[in-house]
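In what follows, a structure is listed as C-alpha cells, so that the remarks can point back to it.
The values are calculated or read from the model by the stated rules, or taken from the named source; none is laboratory data. Worth saying up front: this structure is predicted, and the values here are computed from it rather than measured. Methodologically, a virtual Cβ is constructed for each residue, glycine included, from the backbone with ideal geometry; neighbour enumeration extends over all protein chains shown.
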Amino acid sequence: MTERDESPAPAPAAKSPLGGVIAPVLLVVLGLAGLGLAVRPGAAPELPYATKVTATSAAETQGSQSPPDEVGKIEKLELSVPGSHNPVVQALIAREADGRVVALNWQNNVTEPVLAADLTAAEVEKVTKAIHDHVPADAVVLSWWDLSRKIRLVAQRDAPLDDPLARGLLVPASWGASRSLIESKERAYWGAAVPERDGAVFSRFIDALLLDEEKGAAALAALAPGKTAYVAVHLSDIWKLATERPESLAISSKDFAGSATHGVMRAASQWLRDQKLDAAYAVEPVGNAVRIHYLSNAADGQRLIAKMLPFTSSNPMQLTHLKLVYQHRGFWIYRLDAGQPASG
C-alpha cells in the first residue's frame, strides 16, 4: 500500500473482553490514531486496517470441542489498526475444497461489528452439530452465504446458497469514508471462487426475506424445488439485509447496561416510548449489557426476516409456513413448508 501522510480512519470504540464495556486506554490510543483523517479532505481514502493470516496452534482452534476432522487446516485471521497492540478482529478460518474462505468464529474487540457480528467457535460447533444430527442428508439448508459455508464444511449438509459479492458486510460508521474501498477488498477476498451465477440466486434469497411470510416462504421453496428445505437465520442477518437494501429496511440499536432484568427492560421500553418509536424490537444480551435492535418502520415487522427472529411483532413458534426446529442464541432454524400450514 502506498504511504500517505494522513492517518487512517478512526477505529470503532474498543470494548473489554466482557463485552459492551469501553476500555478507556485502548479507546484513547485508537482515537488518537485517527485524528488526522480530515487533514487532507481531498485525498482518496485508504483502508483503515491491515489484514494478516497466519498459522495457528491447536489450542487456539478449540471451542466447546475440537474442530471436526472435515474442517482441515485452520488459520488465524486478524484485522489491526495503527496505534493498537491488539487486533480489532480475530477469527479462525478454514477453506472449502475450492478455496472459499470459511470463518469458524468472529471476535470483535470493539463495540461495533467490523464486517461481521460476534460469533464464538462454540456457537458454530453447537449449531452445525444440530444441523448434522437433525437435518436429513438429502435435504437442503437455505442461509446467508457465510453460514452456508459453515454448514457445508462442518455440518456436511447441502447448503447451496453463496455469493460472489459477499453481500452483507458490516462496515462501522466511523469507517464510512473508506466504505467503497473496504467493500471492494473484502468482497474480493470472501467472494473468491464463487461462481458469478450464484449471485443471482442469492439475490432471490435476499428478496424472499424481505417479503411477507406467505410470499417469502413460497419464494424460498422455489430455491429448492422438489427437496425438503430448511431455513437458518441469525439475528445479524437482518442487519445484513438492511445494509444491502437500505431503501427497503432500516434498523438501529441501543445498548443498556446490565442484564436482561425487568428493570433494564422497563428502561429500554421507556426509552423507545420517549423516542416515539412504536416499531418492533428484539433483545440481545451482549456481555454485561442488553442491546435493543429496533426497526424504524412498523411495517417492517411483517417482513419474513423479522417474523423468523424474536421481534416483538412476531412469534417464531407460530409461523404458518415455517416450523421452528432448533434455536440457540442468535440462531433460528426452521423446516420450510410453503404449501400448507406447518405442523408438528
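What the table below lists for this structure:
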read-out: Residue that is under 27 Å from Lys126 (Cα atoms), in a loop (DSSP other than H, G, I, E, B) and out of contact with any Asp or Glu (no Cβ under 6 Å at 6 or more places or on another chain), where the choices are Lys227, Lys240, Lys276; value: Lys227
read-out: When residues of region 242-256 are limited to those that are within 16 Å of the chain's Cα centre (by Cα) and among the charged types (D, E, K, R), the one surrounded by the fewest Cβ atoms within 10 Å (Cβ to Cβ); value: Arg245
read-out: Some residue of region 272-279 being surrounded by 14 or more Cβ atoms within 10 Å (Cβ to Cβ), at pLDDT 90 or above, under 23 Å from the mean Cα position of the chain (by Cα) and among the hydrophobic types (A, V, I, L, M, F, W, C); value: no
read-out: Spans of strands (runs of 3 or more DSSP E) in region 73-192 with at least 2 residues farther than 30 Å from Met308 by Cα and without any contact (Cβ under 8 Å) to a residue 60 or more places away in the chain; value: 75-80
read-out: Unique residue being part of a strand (DSSP E or B) and within 13 Å of Arg335 (Cα to Cα) when the list is Ala217, Ala232; value: Ala232
read-out: Scope region 120-153; condition touching a strand residue (DSSP E or B) at 6+ places or on another chain (Cβ under 8 Å), under 19 Å from Lys240 (Cα atoms) and at pLDDT 95 or above; matching residues; value: Val141, Leu142, Ser143, Trp144, Asp146, Leu147, Ser148, Arg149, Lys150, Ile151
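Per-residue answers, yes or no, for (1) in contact with a helix residue (DSSP H, G or I) (Cβ under 8 Å, 6 or more places away or on another chain); (2) closer than 26 Å to Ile333 by Cα:
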| position | (1), (2) |
| --- | --- |
| Ala260 | no, yes |
| Ala268 | no, no |
| Lys276 | no, no |
| Tyr281 | yes, yes |
| Glu284 | no, yes |
| Asn288 | no, no |
| Tyr294 | yes, yes |
